[in-house]
Amino acid sequence: MCAIVGIADHKEASNLTYLGLHALQHRGQEGAGIVSTDGEQVFAHRRRGLVQDVFGNGSLARLKGSAAIGHTRYSTTGSSNIANLGPLMMKSSLGWVSLAHNGNLVDGEKWTRKLEAEGAIFQSTNDTEVIIHLMARSGEKDLEAALIKALKQVEGAFSIIAMNADKMVVVRDPRGFRPLLMGDLDGSTVFASEDTAFDLIGAKTVREVRPGEMITVSLRNHGAPESSFPFAPKEKAQCVFEYVYFSRPDSTVFGSNVHEVRKELGRKLAKEQPAPDAHLVIPVPDSGVPAAIGFAEGAKIPFDMGIIRSHYVGRTFIEPQQSIRDFGVKLKLNPVRSAIQGKNIVVVDDSLVRGTTTRKLVKHLRDAGANKVHIRISSPPITHSCFYGIDTPTRKELIASTHSTEYIREYIGADSLGYLSEQGLMETASAMSGRGFCDACFTGKYPTALN
Ligand code: AMP
């Protein structure tokens, strides 16, 4: 997954893009980049690492100009090398173009093979580069026309911010898999994956970029943003996992506040999967907190922070290597002995993927004196990989794709394990945000062909 930010026409464009990326760090921790322009030249800085480390040593001051786009990367396709970091840039008959992409193309590999066979030279293993190549080959002279022609040929998830010296163009795929919002900062148009980026820079949300919409902002004439719908409409398939786990709880995604949705998922979970002998509900911080609050409310069981998270460790799951991930659980989460000793506890987490985090956690909780440990998950079993940008690459890594809930309970060492039902999740998402979600990771019902 990734975050994208765009600031059109503001004298602090790069600084604001930096802050926007900072607010969206949770969407990708592998690397970050900003490309800016002063209308003549283009400036770029991309590095591996966290946003605050990437842009040290005066790099922001070198990103001149009043328009900038930024990207944080979390590798879903392609390896974690620097050539894969966004925004990607190209120079072609279109002039130079930079492009920041959130989402995944399902046919990225197929296109890469085809284009390479035709002589294209790829710098990265990133599916975003396919879009760049298709744009360069489009024969169009105009950024919007090239983008449209390229994007009509590919399948999958794309929220994109593209920029050249004249304009900033944003596009969201017709199914609207990934979020993208437009905001206003003192008359300047700004874009970001989540509105917490706007909160930080003091921008107001104007609205979501709609599924299938293209919005163009001229960087030359300060005109109002222009909207068009160049793609054939498709049934909406917004990623429900943005609600379950991915987005920040203080963001409003797909029209609803994520914290509120998660609390409601927790209330529903308490109804569907009660734990009558529990004395205490504790969340797996941070992403399990809202659902645990909802569970405690729904079950009328006291809530406490029985596990403390070290904030000096990132989202361990995001680290591409299994060895780091394994070590990370203990680094990151530690039980509060006094809170849980001798108690039957309900531990609420947002999702169970491989089961490795939960397994270790249950052991730590028992070692710290918990009596019974009931695990409750505020989403259904994840049985299928995501091809639209969430990091669940192979089915065999997903414990629920091949094992029963009873097997998983035993594997993680819990006294009981209960998931929210698929129906419960979709009812909540639809009730709070209307219909039109992708839940393929829980059902295997993919809204697109897969390649
Ligand atoms: P696991 O131990 O593999 O079952 O991982 C479960 C934990 O990973 C839960 O605490 C989730 O909050 C978290 N998680 C779920 N999906 C993702 C993801 N795509 N990226 C990072 N963390 C995730």
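The values are calculated or read from the model by the stated rules, or taken from the named source; none is laboratory data. Being a predicted model, the structure only gives us computed values, none of them experimental. Here the Cβ positions follow ideal geometry from the backbone for every residue, glycine too, while neighbour counts run over all protein chains shown. SASA here: full protein model, heavy atoms, side chains in, ligands and nucleic acids out. Shrake-Rupley method; radii C 1.70, N 1.55, O 1.52, S 1.80 Å.
Around the amide H of Val281, modelled in the peptide plane, lie the amide H atoms of Phe303, Asp304, Val346, all under 5 Å away and 5 or more residues distant in sequence or on another chain. Taking all protein chains together and rolling a 1.4 Å probe, Lys372 ends up with roughly 80 Å² accessible.
Assuming R0 = 22 Å, what is the FRET efficiency of Gln153 and Glu118, from their Cβ-Cβ distance, to the nearest 0.05? Numbers along the way, then the final one.
Working: r = 14 Å, r/R0 = 0.62.
Efficiency, rounded to the nearest 0.05: 0.95.
Calculated on C-alpha atoms, the gyration radius of region 70-137 divided by its Kirkwood radius gives an Rg/Rh of 0.93. Evaluated on region 243-443, the Kirkwood hydrodynamic radius is 16.8 Å, with distances taken between all distinct Cα atoms. Here the alpha carbons of region 367-449 define both size measures, Rg and Dmax, at 14.9, 49 Å. Every helix of 4 or more DSSP H residues in the chain counts as -39500 (n - 2.57), and over all residues that averages to -8500 deg cm²/dmol at 222 nm. DSSP beta bridges fully contained in region 243-443 are about 25 percent antiparallel. Derived scalar couplings between HN and Hα for region 196-211 equal 5, 5, 5, 4, 5, 8, x, 8, 9, 6, 8, 4, 5, 6, 7, x Hz in order, rounded to whole Hz, by the Karplus curve 6.51 cos²θ - 1.76 cosθ + 1.60 (θ = phi - 60°), x for Gly and Pro.
Relative intensity of region 3-234 on a log10 scale, I(q)/I(0) at q = 0.11, 0.15, 0.16, 0.17 Å⁻¹, equals -0.47, -0.92, -1.06, -1.22, per a Debye sum over C-alpha point scatterers of equal strength in the absence of solvent. Taking Cα atoms only, the orientation of helix 422-433 departs from the longest principal axis of the chain by about 50 degrees. Straight-distance candidates among the aspartates and glutamates for linking to Lys204, with alpha-carbon spacing under 15 Å and chain neighbours fewer than 8 residues away dropped: Asp184, Asp186, Glu194, Asp195, Asp250. Relative to the compact-globule estimate of 2.2 N^0.38 Å, the Cα radius of gyration of region 127-251 comes out at 1.07.
Using R₀ = 51 Å, calculate the FRET efficiency as 1/(1 + (r/R₀)^6) where r is the Cβ-Cβ separation of Thr205 and Ile82; round to 0.05. All intermediate terms of the calculation are to be shown ahead of the outcome.
Numbers: r = 33 Å, r/R0 = 0.65.
That pair, Thr205 with Ile82, gives E of 0.95.
Length available on full extension from Leu331 to Phe229: 0.36 nm per residue minus the Cα-Cα distance, which gives 32.0 nm.
Note that region 117-133 has calculated 3J(HN,Hα) couplings of 4, 8, x, 5, 10, 9, 8, 10, 10, 9, 5, 4, 5, 4, 4, 4, 5 Hz, one per residue in order, obtained from phi through the Karplus relation 6.51 cos²θ - 1.76 cosθ + 1.60 (θ = phi - 60°); glycine and proline are x. In straight-distance terms, cross-link reach from Lys91 covers every one of the lysines whose alpha-carbon lies under 20 Å from its own, apart from those fewer than eight places away in the same chain; here that gives Lys64, Lys141, Lys149, Lys167. Global size of region 325-382: 11.5, 33 Å for Rg and Dmax (C-alpha atoms, Rg to one decimal, Dmax whole).
Semi-axes, largest first, in whole Å: what does sqrt of 5 times each Cα gyration tensor eigenvalue give for the chain?
On the way: eigenvalues 312, 96, 83 Å².
Those come to 40, 22, 20 Å.
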